[in-house]
Amino acid sequence: EYLPRICAQKPVPTLVIQGAADEYGTIAQCRAIERGIGPDAATLLLPDCGHAPHQDQCELTLSAMAAHINAIV
């Protein structure tokens, strides 16, 4: 119920990053976030990665974050 409020005033580009082998999260949760926020949300599913993308796939995570931010600014 809270996700639609994220873009209520203006679009908020959102990048959802999750490890493909995340033992706590599912791709269905990522898709639900995308649906809840709308077209300004995207998911990046990282291979060979568990629950901590910033540790398991540090370079890919930082690269994706930088590209996402650069596309906004």
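The values are calculated or read from the model by the stated rules, or taken from the named source; none is laboratory data. Since the structure is predicted, the reported quantities are computational estimates derived from the model, not experimental observations. All Cβ positions, glycine included, derive from the backbone under ideal geometry; neighbour counts span all protein chains shown. To get the accessible areas, we keep the full protein, side chains included, count just its heavy atoms, and leave off ligands, DNA and RNA. Shrake-Rupley method; radii C 1.70, N 1.55, O 1.52, S 1.80 Å.
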How many percent of the accessible area of the chain is carbon or sulfur, using a 1.4 Å probe?
58 percent
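If a/c stays under 1.5 just call it rounded; otherwise compare a/b with b/c (prolate if a/b is bigger, oblate if not). Do that for the chain, with a ≥ b ≥ c from the square roots of the Cα gyration tensor eigenvalues. Spell out each step's value before the answer.
Details: a/c = 2.97, a/b = 1.36, b/c = 2.19.
Oblate is the answer for the chain, as a/c is 1.5 or above yet b/c matches or exceeds a/b.
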How many Å² of accessible area per residue for the chain, probe 1.4 Å?
69 Å²
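For segment 5-73, which trypsin sites (Lys or Arg not before Pro) pass both filters: DSSP loop (anything but H, G, I, E, B) and at most 16 other C-beta atoms within 10 Å?
Details: sites: Arg5, Arg31, Arg35; in loops: none.
The qualifying sites: there are none.
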If amide hydrogens are placed 1.01 Å from N in the peptide plane, which non-local residues have theirs closer than 5 Å to the one on Val16?
Ala42, Thr43, Leu44
